[in-house]
Amino acid sequence: MIKRKLYTFFITSPLTAMILTVLTMILYPFGPLMLVEVIKMFMFTLLIAAPVIFVVGILISILSDLITMLISSGIRSIVAFSIHVSIGF
């Protein structure tokens with residue numbers, strides 16, 4: 001269970017940093033971007049996003065596991081998804 005959560009963290013962090021970097025480049029264009037500036041922006045976003053994803057993601061996942069522990073497997077995934085989406089946004 002913990003391995004799965006850590007795998008998810010290691011996949012989600014770079015993806016989130018890439019998405020936020022691209023959105024920042026689209027919303028706030030500042031001239032011709034150099035590769036070094038894009039890498040700096042990605043690393044800064046990763047530095048900020050990774051701890052937030054780790055702490056919030058693990059807490060939400062543990063809370064979801066505790067709440068859905070006694071629910072049957074058919075509806076458990078729907079309830080867990082609802083918890084993740086409602087708290088995640």
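The values are calculated or read from the model by the stated rules, or taken from the named source; none is laboratory data. Quick caveat, the model's predicted, so the values are computed rather than measured. Because the Cβ atoms are built from the backbone with ideal geometry, glycine has one as well, and the counts that use them run over all protein chains shown.
A few comments on the model shown:
- Residues satisfying the stated conditions in segment 61-74, i.e. assigned to a helix (DSSP H, G or I), more than 19 Å from the chain's Cα centre (by Cα) and β-branched (Val, Ile, Thr): 67
- Odd one out for residue 58 among (1) closer than 20 Å to residue 9 by Cβ; (2) of a type outside the set (Lys, Arg); (3) modelled with pLDDT of 85 or more: (3)
- Members of segment 1-60 that are touching a residue at least 12 places away in the same chain (Cβ under 8 Å) and more than 19 Å from the chain's Cα centre (by Cα): 25, 38
- Condition met for residue 77 (under 21 Å from residue 3 (Cβ atoms), assigned to a helix (DSSP H, G or I) and either more than 20 Å from the chain's Cα centre (by Cα) or among the polar types (S, T, N, Q) (or both)): yes
Condition check ((1) exposed (fewer than 13 other Cβ atoms within 10 Å of the Cβ); (2) within 20 Å of residue 2 (Cα to Cα)) across all residues:
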| residue | (1), (2) |
| --- | --- |
| 18 | no, no |
| 24 | no, no |
| 35 | yes, no |
| 73 | yes, yes |
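- Any hit, segment 40-63, residues being of a type in the set (Ser, Thr, Tyr) and exposed (fewer than 10 other Cβ atoms within 10 Å of the Cβ): no
- The combined condition, being at pLDDT below 85 and surrounded by 11 or more Cβ atoms within 10 Å (Cβ to Cβ), is fulfilled by residue 9.
- Here residue 86 meets each of (1) surrounded by fewer than 11 Cβ atoms within 10 Å (Cβ to Cβ); (2) free of Cβ contacts under 8 Å to residues at least 24 places away in the same chain; (3) under 12 Å from the mean Cα position of the chain (by Cα) with one exception, condition (3).
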